[in-house]
Amino acid sequence: MWLPRFEKIRNLFRLDTRAGSSSSKVVSCLALSFCLSGYSTLIAESSGAGGYRPKPIPEMQALPLPHDQLSIQNKGTELLRFHFGNELRRPFIYPVNGPSGLSLTRMGHPHDPHGHSHHNSVWISHHMINEIDFWGDRGANKGRIVHQKVDSLEDSDIHAGVVSSSLWKDPEDQVVFKEWRRIVAEARPEGQYLMIIDLKLEAVLPEVTIRKTPFGMIGVRMAKSIGVHDGGGRIINSNGQINEEETFWKSARWVDYSGQITSGVVEGLTLMDHPNNPNHPSVFHIRNDGWMGACLTFDGDRILKKGESIQLRYGIYVHSNLLTPAEMELEWGQFGETKRFSFK
């Protein structure tokens, strides 16, 4: 490719030699400039354009942010954000953006923000481990879930996620559980996506009892406008039961909470219990005031000896429109076929 350029340079120098006039200096300068540019091009071509070899960029990425936060994005648009600072009582996910770009969850109860400050959008916790309350924010004998490190990040064209480690500590800073958590968002058509949360808890004390309670392991606080009371939204479960009056403390494969997120725009979240979870189908704690949760120990205590562990998988389908039970059952069926994550 560089030979034709060399011939042009040589001819310009010949013209300059023959001219013998003042214009010959101009021609010489032009020839020299052309020579240098040709040489630069030659070097670039011979070295692969200066080492520039672009690779495919994953459409979905897990992007670390300041202040102990991590954003999961699809083509640069944030889907959800993981908060894990050690000043928090527990890690949580906020926002959980719907296809409209607006968060379908909120922080705290719309009518009792102080008393329900522990309602952290989407969060993992439990009301009573041994005699320690990891659920609430205030009062005696409160535990904390303390983030330790981000173990790995995942980017691809179809999903992005994060794996993290935490310690469940009692008020005296004694470790009760070691925790490993994976949060992933998988792309779906038209801006919809499936969030999957994998959780592994390993007992550190000689005996750890996960007490009977309807509070924990996962909670979801919906946006105010989606709530049945405040926005006229709708709750439906896999049994076809509607709203708190029918779904409260009922076993189900999934529960969906949908409503308007802005005028005329309906979106929702479907909280799904994986069939490999030890208490499947889970009892769900549902309220018309805008919250839902899957109950691990509604029916009784679970006891783990030191070194024993329990692993859970929950899905949250983030979707547009008021879906039919058949559409949600199809999504749950696909989720139910997925395998639990293997923590290293």
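What the table shows:
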| quantity | calculated |
| --- | --- |
| Given charges at beta-carbon only (K, R positive; D, E negative), |dipole| of the chain in Debye | 1540 |
| Hydrodynamic radius (Kirkwood) for segment 67-138, which is based on Cα pairs only, to one decimal in Å | 13.4 |
| Along the chain, longest interval not containing exposed GluC sites (Glu not before Pro), exposed being DSSP loop plus at most 14 other Cβ atoms within 10 Å | 173-307 |
| Residues His114 and Glu172, FRET efficiency given R0 of 30 Å [Cβ-Cβ distance, rounded to 0.05] | 0.70 |
| Least to most buried among Leu269, Leu104, Leu88 (fewest other Cβ within 10 Å first) | Leu88, Leu269, Leu104 |
| nm² value of the averaged projected area, convex hull over the Cα atoms of segment 60-336 | 13.5 |
| Positive minus negative residues near His319 (Lys, Arg vs Asp, Glu; Cβ under 12 Å) | -4 |
| Gain on full stretching of the segment that runs from Asn141 to Thr324 - 0.36 nm per residue minus C-alpha separation | 61.5 nm |
| Under 23 Å from the Cα of Lys212 - lysines, other chains or at least 8 residues apart | Lys142, Lys169, Lys178, Lys200, Lys250, Lys305, Lys306 |
| Sequence of Trp249, Trp291 once ranked by neighbouring C-beta atoms within 10 Å, starting from the fewest | Trp249, Trp291 |
| Residues Val265 and Glu207, FRET efficiency given R0 of 35 Å [Cβ-Cβ distance, rounded to 0.05] | 0.10 |
| Cα gyration tensor shape of segment 133-238, rounded if a/c is under 1.5, else prolate or oblate by comparing a/b with b/c | oblate |
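Only the coordinates and a few stated rules stand behind these numbers; no lab work does. This one's a predicted model, so the numbers in the text were calculated from it and none came from an experiment. With ideal geometry, Cβ positions are generated from the backbone for all residues, glycine too; neighbour counts draw on all protein chains shown.
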